[in-house]
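The values are calculated or read from the model by the stated rules, or taken from the named source; none is laboratory data. Computed from a predicted structure; not experimentally measured. When we count neighbours, we look across all protein chains shown, and the Cβ atoms used for this are built from the backbone with ideal geometry, even at glycine. Calculation scope for accessible area: heavy atoms of the full protein, side chains included, ligands and nucleic acids excluded. Shrake-Rupley method; radii C 1.70, N 1.55, O 1.52, S 1.80 Å.
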Amino acid sequence: MTQLIVLDTVFDAPIAEVCALSLSVNLHLDSMTHHRERVVAGRTSGQFVEGDVVTWSARHFDLPLRLTIRIFDVDAPHRFADEQVRGPFAAYHHEHLFTEIDGRTHMQDRLTFAAPFGPLGRLAEKLFLRRYMQTLLEERNAALISSLRPEQR
């Protein structure tokens, strides 16, 4: 059983710029500083590209966690995806979809995940993990908006 979070965010910026920012290692790190997130293996700066594998180290729920993801299905500026290769989830798949409508970029995050530990994991998903994961997406998207030029915010 997996959880699905769909988050739509609109940007007053061109699609290519929003997609490029979404693929930025630096922006991701900046958006997660309060979780002490850092790259411990893989691309440490610049932009992710098809086939990149990166291992993140961070603190969530006051626990040190590592997550290794693979970037794939890159079709900039329209889409890309990442999925867990190794880490704390039983399953983790995140699609980033971009469309431009009337000069504005609509970005949709589609995150599917499942907690480990069977019935206990499903309970954790319902009690707090789903909301926590949505908040992480919202924080990252707020950082994207903040990185745009003032007239695009």
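Structure summary
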quantity	calculated
Cα lying deepest toward the dipole's positive end in region 33-153, options Ser147, Phe128, Val49, charges on Cβ	Phe128
Apportionment of accessible area to carbon and sulfur, the chain, percent (1.4 Å)	56
Estimated FRET transfer efficiency when R0 is 22 angstrom, pair Ser57-Asp30 (beta carbons, to 0.05)	0.90
Mean accessible surface per residue for region 33-152, computed with a 1.4 Å probe while every protein chain stays in place, in Å²	55
Nearest-ten-degree value, helix 130-147 long axis tilted from longest Cα axis of the chain	30
Relative contact order (%) - region 22-93, alpha-carbon pairs under 8 angstrom, separation at least six	22
Percentage relative contact order, the chain, counting C-alpha pairs under 8 Å, at least six apart	28
Phi to ³J(HN,Hα) by Karplus 6.51 cos²θ - 1.76 cosθ + 1.60 over region 15-26, Hz, x for Gly, Pro	4, 4, 5, 5, 5, 4, 4, 5, 8, 7, 5, 4
Coil-residue GluC sites (Glu not before Pro) of region 8-112, DSSP, other Cβ within 10 Å capped at 16	Glu50
